[in-house]
């Protein structure tokens, strides 16, 4: 199912942001006009003392009107709004200074509106920065008035009546400063926390997010990353969550492979689809993606939550099941056919042997009889090997150390004529226990190793490794849910110059499929069957470390159920195929 095409909500957010910035400009003009009215009322309609404050408001009104007209043509609106808010902070500081500080008209209350504007239109961090800056400005103004009231020093552009014979005790100044500082930072704190509680983005606890098996990503209407759990960073190959939260994903996730994910998160309709990510230094990653758009009371987009689920294990299990279903019928038919062919073949070979004992007058006839006998013997061996493959003996599982088993296989491989100058290594680290049939599993390792030796042709490197892993399995029954269980992973990789092509990796385990001239194509098929009899799976991949081919065996660590004793004509579906 491919994702449907739908418009991005980010453009709608930009339009909404532009409307909000416009309303902010209108509000600034109205607030400045209200300030002029307050000054006139304070001086009872007769401007006498606060001429500098009047001039500051008039200049601020002109600037606000010009900005209100110009903002429609600004490309980087967020920077423009930030500059406007910083200008408001400077205007409010000058107006407070010219109107008697925090003791007369009380224009310091305008700082609260500027901080709320920063919360809504800039960022939470900027709100706290402005609150601290405003506190410092008010502190400087209050100290200036206190110093002028208690000394012979005059404040520039401020009438003496605003601080001479005024009760400006240090206790009063300090108390007012503490109150304003606390109030400004409280407004910033409540302004940043209240939207988060209302949006519901922080309902999930950090521990729950960290333990989720699915990747979770949430962005707000501004395109800022709100939530990212560790599984999402692993699946999407992103940076650590703490480096992403609070930042715009457009600015931090600029790689080409991120665009497919970001386009899904930016849509204003719910998505339920499967995608395949081609990440750097990784094989293609299949993911199930489900996004949910969070809307407000008026239908506006408030954010998007995306859930990403890794489909690699499910795809591997589905491919394995498909391979088993395909092999079950063909191996059963081939087993019966091989058994039936051996009887007439034995008769033909016996008749030819009797003929060769008599005297042939023609040497050509004798040579042809020898060829028939030799080829029939080779065909008989081929049929016997196939029957040995089809009629696998029952498992004799016991607890064994995987390291000992691999070391035995490595020792045997080093003594083969095909080993030549090949470096065969096994770096044993720790100990992993496994329930398995030692003889059969050793045979599987030898078959894979021998195949690698033939590909390397006498020179190169062959590396074995093992480790404990958690295996994902599909439970039986109508629901067929996925569950995990402890297991062992064995890897066998080489540095050959001619690794198995990607299109042929799924076929190397088919009987009679071979890439070697004169090969029978049963070695890897037998290894595959042995692994499946142990309830495991085997895959052929490219080797990232050595650059050649990597065979990966995954086996459960528990004791597998004993296999039934096969009969001569038993169907292979009953033998674990």
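Numbers for the structure displayed
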{"quantity": "Residue exposure sequence - 448, 178 - by fewest surrounding Cβ within 10 Å", "calculated": "178, 448"}
{"quantity": "At R0 = 45 Å, FRET efficiency that the Cβ-Cβ distance of residue 497 and residue 78 yields, to 0.05", "calculated": "0.25"}
{"quantity": "10 Å-binned pair-distance histogram of region 22-127 (Cα, whole percent)", "calculated": "14, 47, 29, 9, 1"}
{"quantity": "Förster-model FRET efficiency, 56 Å R0, residue 169 and residue 30, C-beta, rounded to 0.05", "calculated": "0.95"}
{"quantity": "Histogram of C-alpha separations across region 398-561, 10 Å bin width, %", "calculated": "10, 39, 36, 12, 2, 0"}
{"quantity": "Gyration tensor verdict on region 265-316 (Cα atoms; rounded if a/c is under 1.5, prolate if a/b is larger than b/c, oblate otherwise)", "calculated": "prolate"}
{"quantity": "Packing-based exposure ordering (other Cβ within 10 Å, fewest first) of 66, 212", "calculated": "66, 212"}
{"quantity": "FRET efficiency, 1/(1 + (r/R0)^6) with R0 51 Å, evaluated for residue 70 and residue 513 via beta carbons", "calculated": "0.10"}
{"quantity": "Rh by Kirkwood over Cα pairs, then Stokes-Einstein D for region 9-199 at 1.567 mPa s and 4 °C, µm²/s", "calculated": "73 µm²/s"}
{"quantity": "Rough spin-label spacing in nm, given labels placed 7 Å along Cα→Cβ, for residue 16 and residue 38", "calculated": "3.1 nm"}
{"quantity": "Ascending count of other beta-carbon atoms within 10 Å, so fewest first, for 234, 28", "calculated": "234, 28"}
{"quantity": "Diffusion coefficient, µm² s⁻¹, Stokes-Einstein with Kirkwood Rh over alpha-carbon pairs of region 413-479 at 4 °C and 1.567 mPa s", "calculated": "89 µm²/s"}
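Every number in this text was worked out from the coordinates using simple rules, so none of it is lab data. These figures come from a predicted structure and were not determined experimentally. Glycine also receives a Cβ, built like all others from the backbone with ideal geometry; neighbour counts cover every protein chain displayed.
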